[in-house]
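What follows is a short report on a single structure.
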Amino acid sequence: MSLNLIMKRIFLLFILLFILSCKKNLPNSTKDELAVLDQKDLRKQNVKIDHQIRKVKKAVIVPKLDGKMDDPIWKEAIWYGFDQRWLGAPYTFNDFFGRYKVVWTPEALYVLVEIKDDVLFDQNKDPLSLWWDDDCVEIFIDADNSGGDHQYSNNAFAYHVALDGNVVDLDKHKKPVLYNNHVSSKRITNGDVSVWEFEIIVYDDTYEEGKVNDPMILKKDQKLGFAIAYNDNDGSKERENFIGSVFIPGEEKNLGWINADIFGTIILEE
Ligand SMILES: [Ca+2]
Ligand SMILES: [Ca+2]
Ligand SMILES: [Ca+2]
Ligand SMILES: [Ca+2]
């Protein structure tokens, strides 16, 4: 190796060391600023913290909405409980017991519900009047699992399905609207046990009532916000209990109709 070449290499080494030392001396604050910016972006987007994460099976054969649970996919899916008392006094097994299953196809979510309720009560015949005070199943769907406020928006839906099959939620004008074309159902009641089957066409936050809206095509690995509840009334002026599927921290438990952060997270698997 010539002396010239050795000198050149030493010179290059010095330059490299110089560049490295400059990088090291960058003030720490630059790094911190970048971190702060990231956190701000996260807060702006209101990222939901996934909880009650459950995998949901795909149905090859679509369950028949006949109020009978003999479809092949219902035998494969597992039961989950309505086991969270969101409103009302403690209740007995005779008063209420409920469990449910969820499966999916690209076109819809399917929910099977088995409810034991001693009295089925429908005091408000007008579906748009005090719908939450009659016995009803409430299904919460957040298509993009965004979480966040949805009280008067379509960021998420809280479908109240009444005993007569009418489906109600609030729209952006704070008025109740029938969403019977989003949720189809069939209920068969024997004694105090009702079996309900639901087909839920999923719409995302671009949904506009009265316009032409494309339903969401569901895909493998997709996450959705999901919760379900039952409003139990056995003859009182107002509902006696509101029993949900997901734990809600804090004193106020009646938050499902306002904030999609409390929904659990389902993941669609094949
Ligand atoms: Ca069926
Ligand atoms: Ca009851
Ligand atoms: Ca959403
Ligand atoms: Ca009841």
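The values are calculated or read from the model by the stated rules, or taken from the named source; none is laboratory data. This is a predicted model, so every value here is computed, not measured. All Cβ positions, glycine included, derive from the backbone under ideal geometry; neighbour counts span all protein chains shown.
For region 223-243, give me the residue count where each residue is in a loop (DSSP other than H, G, I, E, B) and either closer than 20 Å to LEU112 by Cβ or in contact with a helix residue (DSSP H, G or I) (Cβ under 7 Å, 6 or more places away or on another chain) (or both).
Count: 3.
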Within region 89-98, residues more than 18 Å from ARG187 (Cβ to Cβ) and surrounded by 13 or more Cβ atoms within 10 Å (Cβ to Cβ) come out as TYR91, ASP95
If you go through GLU208, GLU252, the only one that is assigned to a loop (DSSP other than H, G, I, E, B), within 16 Å of ligand 3 (Cβ to nearest atom) and either modelled with pLDDT of 95 or more or surrounded by 17 or more Cβ atoms within 10 Å (Cβ to Cβ) (or both) is GLU208
(1) within 17 Å of TYR159 (Cβ to Cβ); (2) within 16 Å of ligand 3 (Cβ to nearest atom); (3) surrounded by fewer than 24 Cβ atoms within 10 Å (Cβ to Cβ) all hold for PHE242 apart from (2)
Over region 131-150, the set of residues more than 27 Å from MET69 (Cα to Cα), more than 16 Å from ligand 4 (Cβ to nearest atom) and surrounded by 15 or more Cβ atoms within 10 Å (Cβ to Cβ) is ASP144, ASN145, SER146, GLY147, GLY148, HIS150
Among GLN123, GLN52, the single one that is more than 16 Å from ligand 1 (Cβ to nearest atom) and within 17 Å of the chain's Cα centre (by Cα) is GLN52
Counting only residues in region 56-66 that are under 25 Å from GLY264 (Cβ atoms) and in a loop (DSSP other than H, G, I, E, B), the one farthest from ligand 2 (Cβ to nearest atom) is identified as VAL60
- Query: Can you find a residue in region 137-146 that is touching a Gly at 6+ places or on another chain (Cβ under 8 Å) and within 16 Å of ligand 1 (Cβ to nearest atom)?
  - Reply: no
Here the residues within region 70-88 that are buried (at least 17 other Cβ atoms within 10 Å of the Cβ) and away from ligand 2 (no atom under 16 Å from the Cβ) are ASP71, ILE73, TRP74, ALA77, TYR80
With criteria (1) among the hydroxyl-bearing types (Ser, Thr, Tyr); (2) without any contact (Cβ under 8 Å) to a residue 60 or more places away in the chain; (3) in contact with a strand residue (DSSP E or B) (Cβ under 8 Å, 6 or more places away or on another chain), THR206 comes up short on (3)
With the first residue restricted to region 70-89 and required to be in the same structural domain as TYR230 (by TED's automatic domain parsing), and the second required to be among the acidic types (Asp, Glu) and modelled with pLDDT of 95 or more, Cβ contacts under 9 Å at 6 or more apart or on different chains are ASP71/GLU197; TRP74/GLU197; TRP79/GLU114; LEU87/GLU240; GLY88/ASP232; GLY88/GLU240; ALA89/GLU240
Within region 110-147, residues modelled with pLDDT under 95 and of a type in the set (Lys, Arg) come out as LYS125
When restricted to LEU112, LEU128, LEU178, the only residue assigned by TED's automatic domain parsing to the domain that holds ASP83, touching a residue at least 12 places away in the same chain (Cβ under 8 Å), away from ligand 4 (no atom under 16 Å from the Cβ) and closer than 30 Å to PHE93 by Cβ is LEU112
